[in-house]
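Right, one structure below, let's go through it.
Every read-out reported here was derived from the displayed coordinates using simple, explicitly stated rules and does not represent laboratory data. Model, not experiment: these values are computed from the prediction. Cβ atoms come from the backbone with ideal geometry, glycine included; neighbour counts cover every protein chain shown.
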């Protein structure tokens with residue numbers, strides 16, 4: 001029975017006391033992306049496993065150790081998405097979106113799944129805000145998505161976040177870098193973990209991203225990719241920096257950043273904070289010019305990023321950033337007896353059609369119990385609807401903040417109540433709500 005009442009390890013429930021905050025955050029992320037011309041895209045929670053093996057890379061920790069993979073009833077290998085980019089590119093290709101004006105710019109707010117050891121800021125089911133800019137190789141696109149992430153942090157008033165950037169070059173200049181890494185790690189391979197030994201001949205850059213303390217210590221003295229950039233990649237990186245300088249976005253060049261997914265080329269970046277402990281990377285991304293062709297499309301450049309919603313939320317809490325309060329219901333109307341229930345329900349239903357949050361009793365409770373419930377829900381106004389009120393055709397509405405009582409006709413109650421709330425709102429700021437005709 002315990003399994004029925006406990007969420008699986010590495011997952012979390014978002015309760016109503018927190019979900020409104022999450023909704024505010026998600027709306028802010030979507031609006032910011034919209035200001036940059038990004039449109040929302042939604043893709044399935046699972047894809048064919050081959051998509052992630054080819055897109056994310058079969059030498060990455062994600063594919064080798066962390067994916068939730070299973071065979072469905074048709075004996076097809078299916079995986080829950082571990083990240084959002086591969087599915088977005090698959091949708092881009094499947095629906096022929098490359099035929100529309102380029103670049104195509106998308107954002108998503110999505111759940112992702114990785115089998116990892118759960119800890120603060122690292123869950124098995126987690127959520128990402130991501131953006132993808134498909135069809136342009138301009139360094140301006142790299143700078144634009146970085147600026148978008150920066151605006152998100154600025155919107156929430158977050159500090160103690162530093163931008164670190166690097167270039168990992170193109171396949172051509174990485175050939176020389178891989179040779180240098182092979183020479184370096186071959187001398188150290190007796191101390192490498194089994195996973196890194198398997199990577200040595202296939203993709204030695206993945207060793208730089210190993211979480212083993214021993215391998216991490218060895219990797220600290222490895223050659224850095226920025227020393228092996230070809231002229232084109234070096235020029236591209238220089239232009240990215242010039243765009244960031246023009247937008248007054250501070251950054252540090254960190255030649256050790258390689259990112260954990262195989263599809264990256266040229267620009268890579270991370271936004272890092274010291275406010276949330278070990279899981280300090282809040283946002284990471286870069287350019288992936290080879291991914292679209294790797295997944296079967298014609299060669300098209302692209303770039304994007306992923307931002308962890310849980311880590312963003314941790315950062316907001318760590319820096320005591322205030323989010324809006326849970327919206328209060330405007331009115332609780334209490335039927336004094338079950339006979340008045342239908343009329344009370346009609347009144348709140350009319351209010352809801354006008355976009356006004358209104359509640360009434362659903363359990364034939366006593367007036368005392370109803371008023372106690374209304375207080376707990378923090379209703380802005382309350383009203384009691386009894387037989388006398390119904391016969392008279394009016395109801396007394398009480399402002400729970402200042403105690404004022406106003407008699408309103410039941411006919412056209414929604415319009416009258418809306419005018420009352422506007423009058424009270426204007427009174428709070430010392431102004432008078434304009435009357436009809438003024």
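Within the listed set 158, 15, 291, the residue fluctuating most in the Gaussian network model of the chain (springs between alpha-carbon atoms under 10 angstrom) is 15. Taking label points 7 Å from Cα along the Cα-to-Cβ direction, residue 111 and residue 411 give a separation of 5.1 nm. Once you order the gyration tensor axes a ≥ b ≥ c over the Cα atoms, which shape class does the chain get: rounded for a/c under 1.5, otherwise prolate or oblate by comparing a/b with b/c? Here the chain falls in the prolate category. For segment 186-309, the Stokes-Einstein estimate of translational diffusion at 10 °C and a viscosity of 1.306 mPa s comes to 97 µm²/s, using the Kirkwood hydrodynamic radius over alpha-carbon pairs. Using alpha carbon centroids, what distance separates segment 204-273 and segment 72-150, in Å? Between the Cα centres of segment 204-273 and segment 72-150 lies a distance of 20 Å.
On the basis of the beta-carbon distance and an R0 of 56 Å, residue 72 and residue 227 show a calculated FRET efficiency of 0.75. Separation of segment 321-340 from segment 178-192 is 66 Å, based on Cα centroids. Taking a ≥ b ≥ c as the square roots of the eigenvalues of the alpha-carbon gyration tensor, segment 91-185 is classed rounded because a/c is under 1.5.
Of the residues 206, 76, the one with the fewest other Cβ atoms within 10 Å heads the list, and the complete ranking is 76, 206. Express in whole angstrom the spacing between the alpha-carbon centres of segment 372-386 and segment 285-301. Segment 372-386 and segment 285-301 have Cα centres spaced 58 Å from each other. Note on segment 331-423: along the principal axes its Cα atoms extend 31, 28, 23 Å, ordered by decreasing extent. GNM remark for the chain: springs join alpha carbons under 10 Å apart, and the peak mean-square fluctuation among 403, 96, 121 falls on 403. Note on the chain: antiparallel DSSP beta bridges, both residues inside, total approximately 80 percent of the bridges counted. When peptides 136-143, 243-250, 333-340 are ranked by their average number of other Cβ atoms within 10 Å per residue, the highest-first order is 136-143, 333-340, 243-250. Counting other Cβ atoms within 10 Å as a rough exposure proxy, the listed residues 411, 384, 214 run 411, 214, 384 from fewest neighbours to most. Only Cα pairs under 8 Å and 6+ residues apart enter the sum, and on that basis the relative contact order of the chain stands at 14 percent. Fraction of C-alpha pairs exceeding 15 angstrom in segment 1-42: 62 percent, rounded to a whole number. Structure remark: mean-square fluctuation, Gaussian network model of the chain, C-alpha springs under 10 Å; the largest value among 181, 343, 315 belongs to 343. Entry note, segment 331-423: relative contact order of 29 percent, from Cα contacts under 8 Å with a spacing of 6+ residues.
The ranking of 48, 127, 176 from fewest to most other beta carbons within 10 Å of each one's beta carbon is 48, 176, 127.
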